[in-house]
Amino acid sequence: CTNCNLCHKVCPLFNTKTISLDCNEKIVSFSLKDKTELSTSSSGGASAAFVNYLNSKKNYFVSGCFYNNDKDRAEHILIPPNNVNSLSSIKGSKYLQSSVSQSLLEIMKLKKNDKLIFIGTPCQVAGLANILELKNIRDNYILVDLICHGIPSYNLWKKYVNEIIKKYPVLKNSHNIIIRNGKTTRNKKHIITFSDGTGNVIYKKNQ
């Protein structure tokens, strides 16, 4: 720390900004027509539509949250333009606080004319917006925030994962966790699944 106080200048906790929404603005619902793409999305697939179009057609970088199964934590990653195949890694709900620091460092290294879409929680988006405004590059970025229901403790999450792995040792060396997997299991309920390294579902439970 160099006591520059920059963290306080951009933190939404200390810089809350409120805006008045135009009552004439329309509120719309959205659902992908592509049933295959929709089946692997947590809800209507709006974010999938945004990032696929912008990444492949408009040369946008994409920053979104993926679940790191090796570390059992949620992280934001930065995906370069024209990397549509990598976008599937950020699909789906995580319900965990995403580690965003590394992604922000990479975003700050982008060139002046680079464009990016960032998808995150309201506090993450507000913080990034403050940084971009401070650097006078806000117009190059599309920021999409989600309705946040709050997050559990990582200590609690780690204990839960360890209990499942202890019960099913086959998951110890390699596992894949999908926190909201109802559509792919032909079930509309919120289902968490643990799969082994070959893709076999070893454990599933309604949340």
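The values are calculated or read from the model by the stated rules, or taken from the named source; none is laboratory data. Note that the structure is predicted; figures quoted are calculated from it, not measured. All Cβ positions, even for glycine, are placed from backbone atoms using ideal geometry, and neighbour counts span all protein chains on display. What goes into the accessible areas is simple: the full protein's heavy atoms, side chains included, and nothing from ligands, DNA or RNA. Shrake-Rupley method; radii C 1.70, N 1.55, O 1.52, S 1.80 Å.
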Considering only Cα-Cα distances, which of the following residue pairs are longer than 29 Å: K9/K91; K33/K94; K9/K112; K9/K58; K91/K159; K91/K158? K9/K91; K9/K58
In terms of the charge dipole of the chain, which places +1 on Lys and Arg and -1 on Asp and Glu at the beta carbon, the residue among G64, P80, S39 farthest towards the positive end is S39
Ignoring ligands and nucleic acids, what accessible area does S47 show with a 1.4 Å probe (Å², nearest 10)? 60 Å²
Tell me which lysines have Cα within less than 16 Å of K57's Cα, excluding those fewer than 8 residues away on the same chain? K115
Please report the spacing between the Cα centers of segment 17-58 and segment 69-101 in Å, no decimals. 17 Å
Accessible surface of D34 in the full protein assembly, 1.4 angstrom probe, to the nearest 10 Å²? 80 Å²
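Might you tell me the accessible area per residue for the chain, computed with a 1.4 Å probe and given in Å²?
On a per-residue basis, 67 Å².
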Given a 1.4 Å probe and every protein chain left where it sits, what share in percent of the accessible area of the chain is carbon and sulfur? 53 percent
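If S29, S88 are ordered by their accessible area, calculated over protein heavy atoms with a 1.4 Å probe, which sequence runs from highest to lowest? Numbers along the way, then the final one.
On the way: S29 115, S88 80 Å².
Output order, biggest surface exposure first: S29, S88.
Let's see if you can work this out: charge +1 on each Lys and Arg Cβ, -1 on each Asp and Glu Cβ, no other charges. What is the dipole magnitude of segment 65-207 about its Cα centre, in debye to the nearest 20? List each step's numbers first, then the result.
Details: 22 positive and 10 negative charges, 111 e Å.
Dipole size: approximately 540 debye.
Ordering S103, S153 from largest to smallest accessible area (1.4 angstrom probe), what's the sequence? Kindly include the intermediate steps, with their values, before the conclusion.
Working: S103 0, S153 60 Å².
Output order, biggest surface exposure first: S153, S103.
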List the residues, sorted by chain then number, that are 5 or more residues from I137 or on another chain and whose placed amide H is less than 5 Å from its amide H. none
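List every DSSP H helix in the chain whose Cα atoms extend 15 Å or more along the helix's own long axis and whose mean Kyte-Doolittle hydropathy is at least 0.5. Could you put the intermediate results ahead of the total?
Values: long enough: 46-57 (16 Å, 0.20); 122-134 (18 Å, 1.05); 154-167 (20 Å, -0.90).
Sorted by number, the helices that extend far enough and score high enough are 122-134.
On full extension of the chain, what length is gained from C23 through I164, given 0.36 nm per residue of separation minus the C-alpha to C-alpha distance? Could the numbers behind the result be given before it?
Details: separation 141, 0.36 × 141 = 50.76 nm, distance 4.82 nm.
Contour length minus Cα-Cα distance gives 45.9 nm.
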Residue with peak Gaussian network fluctuation, the chain [Cα springs, cutoff 10 Å], from L143, L32, L54: L32
Qualifying trypsin sites (Lys or Arg not before Pro) for segment 1-89 [loop in DSSP, other Cβ within 10 Å: at most 13]: K17, K26, K33, K58, K71
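Taking 0.36 nm per residue of sequence separation and subtracting the Cα-Cα distance, how much length would be gained by fully extending the chain between C148 and C7, in nm to one decimal?
Details: separation 141, 0.36 × 141 = 50.76 nm, distance 2.26 nm.
Between C148 and C7, full extension yields 48.5 nm more.
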Taking all protein chains together and a probe of 1.4 Å, list E25, E106 from the most accessible to the least accessible. E25, E106
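List the equivalent ellipsoid semi-axes of the chain in whole Å, largest first, each obtained as the square root of 5λ for an eigenvalue λ of the Cα gyration tensor.
Working: eigenvalues 192, 93, 61 Å².
For the chain, the ellipsoid semi-axes come out as 31, 22, 17 Å.
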Per-residue HN-Hα couplings for segment 110-121, Karplus 6.51 cos²θ - 1.76 cosθ + 1.60 at θ = phi - 60°, whole Hz, x for Gly and Pro? 5, 6, 4, 8, 5, 10, 8, 10, 10, 10, x, 6
